[in-house]
Amino acid sequence: MKFMDKLKSRFTQSEENEETSTKYKEGMKKTRNSFTGKINDLIARYRKVDEEFFEELEEVLISADVGVTTVMDLIEELEMEVKRQNIKDTKNMKDVISEKLVEIYYEEEEEEPETLNLQEGELSVILVVGVNGVGKTTSIGKLAYKMKEEGKKVVLAAGDTFRAGAIEQLDVWGERAGVDVIKQGAGSDPAAVIFDGIKAAKSRNADVLICDTAGRLQNKVNLMNELSKVKRVIEREIPEAPHEVLLVLDATTGQNALLQAKTFSEAVDVSGIVLTKLDGTAKGGIVLAIRNELKIPVKYVGLGEQVEDMREFDAQAFVYGLFADMLEDEE
């Protein structure tokens with residue numbers, strides 16, 4: 001069974017999978033229009049798979065912000081696969097490209113999407129980091145709403161005490177999601193707020209504590225010291241915590257998001273990425289660059305403005321969203 005046929009059957013055989021595929025298809029429209037339009041054009045112009053074809057394919061991938069390092073790896077893999085399967089006609093490249101994109105992400109074809117490391121029967125602490133303006137507080141609100149809908153008791157800690165309006169913004173999201181927000185006054189010590197959050201979450205028998213943090217990257221040294229202090233306070237109160245350190249990145253910033261990920265990874269052990277505004281960019285390939293170059297899994301993606309539009313990331317659904325028009329054209 002061809003890989004693209006396999007993708008199509010996975011996302012049309014159950015209502016749940018079909019709903020996921022529809023969300024990815026709608027959310028990735030801008031990236032798909034740019035990416036698959038160029039691939040279709042490339043396949044129409046080149047009849048045979050040769051060096052020129054690969055050179056242009058390289059440009060298409062780089063323009064989708066897949067990242068130069070990742071593109072080089074991918075082209076090398078594709079060239080080897082073309083030789084192995086003795087592929088001559090460019091029409092047969094769609095399947096090979098889609099399969100290799102999933103492999104870059106999962107490494108193993110049958111690997112499952114990575115879920116959050118939540119503790120069964122104990123308080124799970126999630127530290128959320130990221131620069132101002134990427135949608136960090138909104139992502140926390142959407143994540144809290146999602147977990148509450150799944151039956152978990154969630155508490156938020158307003159640790160971004162320096163950005164004007166950040167505490168109030170988290171308060172609004174707390175009300176929207178129906179969860180408690182632990183806070184102090186503007187300008188107070190973020191580590192003290194997180195400490196209060198842990199005490200409150202424990203006393204209220206919460207399942208999950210989600211901690212907001214400051215994101216002033218222009219004060220890089222101070223910010224990283226602050227995050228390290230917050231992390232030490234959490235570890236002192238709950239030795240195995242934080243159980244997740246989620247870095248929020250804005251997909252529309254492309255390669256700049258990759259630089260932010262490298263910077264934050266130096267200060268805290270980032271365990272997963274929340275990629276916002278994937279529906280608003282033609283550069284969705286950044287998902288693959290983050291995974292391949294930083295070895296950090298993308299755990300959630302924002303595919304719209306609504307509170308329920310935060311989705312667990314699924315690389316197969318992502319590739320399905322990329323190639324959806326091609327798959328439907330084949331029907």
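The values are calculated or read from the model by the stated rules, or taken from the named source; none is laboratory data. A quick note: this is a predicted structure, and the numbers were derived from the prediction, not measured. Note that we place each Cβ from the backbone using ideal geometry, even for glycine, and neighbour counts take in every protein chain shown.
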Original post:
Just checking, which of Thr90, Thr115, Thr69, Thr161 is modelled with pLDDT of 90 or more and either more than 20 Å from the chain's Cα centre (by Cα) or of a type in the set (Val, Ile, Thr) (or both)?
Top reply: Thr161
Original post:
Gly272 passes all but one of (1) under 21 Å from Ala158 (Cα atoms); (2) more than 13 Å from the chain's Cα centre (by Cα); (3) surrounded by fewer than 23 Cβ atoms within 10 Å (Cβ to Cβ); which number fails?
Top reply: (2)
Original post:
Among the listed residues Met80, Met28, Met4, which satisfies the condition of being at pLDDT 90 or above and not charged (D, E, K, R)?
Top reply: Met80
**OP:** Output the residues belonging to the stretch 259-277 that are among the β-branched types (Val, Ile, Thr) and part of a strand (DSSP E or B).
**Re:** Ile273, Val274, Thr276
Original post:
So how many residues does the stretch 234-258 have that are part of a helix (DSSP H, G or I) and either under 15 Å from the mean Cα position of the chain (by Cα) or crowded, with 20+ Cβ neighbours inside 10 Å (or both)?
Top reply: 8
Subject >> Residues of the stretch 259-310 that turn out to be without any contact (Cβ under 8 Å) to a residue 12 or more places away in the chain and acidic (Asp, Glu), as a count >> reply: 1
Original post:
Yes or no: Val49 touching a helix residue (DSSP H, G or I) at 6+ places or on another chain (Cβ under 7 Å), closer than 28 Å to Gly280 by Cβ and crowded, with 20+ Cβ neighbours inside 10 Å?
Top reply: no
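A quick yes/no check of all residues on (1) in a strand (DSSP E or B); (2) in contact with a Phe, Trp or Tyr (Cβ under 6 Å, 6 or more places away or on another chain); (3) not assigned by TED's automatic domain parsing to the domain that holds Thr36:
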residue	(1), (2), (3)
Asp279	no, no, yes
Lys283	no, no, yes
Ile290	no, no, yes
Glu293	no, no, yes
Ile296	no, no, yes
Val301	yes, yes, yes
Gln306	no, no, yes
Phe323	no, no, no
**OP:** Specify which of the listed residues (Ala200, Ala191, Ala206, Ala186) is assigned to a loop (DSSP other than H, G, I, E, B), surrounded by 16 or more Cβ atoms within 10 Å (Cβ to Cβ), of a type in the set (A, V, I, L, M, F, W, C) and at negative phi.
**Re:** Ala206
**OP:** Collect the residues in the stretch 220-231 that are over 9 Å from Ala191 (Cα atoms) and at pLDDT 85 or above, keeping them in residue-number order.
**Re:** Ser228
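The rows are residues; the columns are (1) among the acidic types (Asp, Glu); (2) buried (at least 17 other Cβ atoms within 10 Å of the Cβ); (3) assigned to a loop (DSSP other than H, G, I, E, B); (4) in contact with a Leu (Cβ under 7 Å, 6 or more places away or on another chain).
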site: Glu56; (1), (2), (3), (4): yes, no, no, yes
site: Ile87; (1), (2), (3), (4): no, yes, yes, no
site: Asp95; (1), (2), (3), (4): yes, yes, no, no
site: Val102; (1), (2), (3), (4): no, yes, no, no
